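K.L.:
Just passing along the structure, written as structure tokens.
The values are calculated or read from the model by the stated rules, or taken from the named source; none is laboratory data. Keep in mind that this is a model prediction, so the values were computed, not measured. Cβ sites come from the backbone with ideal geometry, for glycine too, and all protein chains shown count toward neighbours.
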Ligand SMILES: [Zn+2]
């Protein structure tokens, strides 16, 4: 069913260590094993969990790169046509959408088709820059939202462990369909991963049940799903690209919000500079701390995989919000 092309063989020969880490040790030539291309980190993590000992996963968003502003190399674009399954979120990364359209990949899995996405307006305004104005369906239907890169929805669903469970279950089904010989393993791996995510969800429920305040302040408004699930309120400093400076008017509003709600902390993300957070915190005598949006893992991340970083985020929130 799967043709082992030279392009796929070459990285297999050059990167045995990487393949070992993916659980494909000694199986480089196993053409029956599915190769998954994941668009960004949480999709990579979910794919790796469900594949278990089978197949391999590569990620389009390199560690440390901004997921939103992703640009693809010709080699990455070619890899889409060769993959057995491409896992992505349509409307989040325009470069990936374009590449999938170009390659005519009929094995592309848009996770937005199975995960319930929140509108960008539900929690915050979330505008990551000026690559908007592409011709995606969502933007055609919502021309008034042309300031949003990702059409009209908030892409950061992976901040909700329950939505991740939905994704993992759907991934198990997709992989079982593409590699029926191992379908029992994918079903079992998916079930185990769902259990892990349910445990994580339980820790968030318990850890955030009794807090002095529900509001938390972030520079990158990437936590709308987390806020929605655990009854918190995210106050995004600038609903724009994390690198952009908020306007003086927005800074004034933020000062007021912080005082009204008795905030202790301004959260910034790991992949971008914390100068905005430091400036605001300095004005108000607040702390700064990391809340990781999980868009990519680096050595600066407060953990080395999805569950450990989620738990680090939970602890940071509990401290900032005075949770008992
Ligand atoms: Zn983001």
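K.L.:
Taking residue 53 as the residue in question, decide whether it is over 23 Å from the mean Cα position of the chain (by Cα) and at pLDDT 90 or above.
P.N.:
yes
K.L.:
Follow-up question, since we're still on this one. Which residues, taken from the range 301-324, are in contact with a strand residue (DSSP E or B) (Cβ under 8 Å, 6 or more places away or on another chain), within 28 Å of residue 49 (Cα to Cα) and part of a loop (DSSP other than H, G, I, E, B)?
P.N.:
302
K.L.:
With the condition kept exactly as written, say whether any residue in the range 124-135 is touching a strand residue (DSSP E or B) at 6+ places or on another chain (Cβ under 6 Å), at pLDDT below 95 and surrounded by 19 or more Cβ atoms within 10 Å (Cβ to Cβ).
P.N.:
Yes.
K.L.:
Taking the stated definitions as given, is residue 206 over 17 Å from the mean Cα position of the chain (by Cα) and within 30 Å of residue 106 (Cβ to Cβ)? Show your work before the answer.
P.N.:
On the way: over 17 Å from the mean Cα position of the chain (by Cα): yes; within 30 Å of residue 106 (Cβ to Cβ): no.
Here the answer is no, as residue 206 does not meet what is asked.
K.L.:
For residue 237, all conditions in the list (1) modelled with pLDDT of 95 or more; (2) in contact with a helix residue (DSSP H, G or I) (Cβ under 6 Å, 6 or more places away or on another chain); (3) farther than 20 Å from residue 302 by Cα hold save one; what is the number of the exception?
P.N.:
The one condition residue 237 does not meet is (1).
K.L.:
Looking at (1) surrounded by fewer than 22 Cβ atoms within 10 Å (Cβ to Cβ); (2) out of contact with any helix residue (DSSP H, G or I) (no Cβ under 9 Å at 6 or more places or on another chain), find the lone condition where residue 68 falls short.
P.N.:
Checking residue 68 against (1) surrounded by fewer than 22 Cβ atoms within 10 Å (Cβ to Cβ); (2) out of contact with any helix residue (DSSP H, G or I) (no Cβ under 9 Å at 6 or more places or on another chain), the one that fails is (1).
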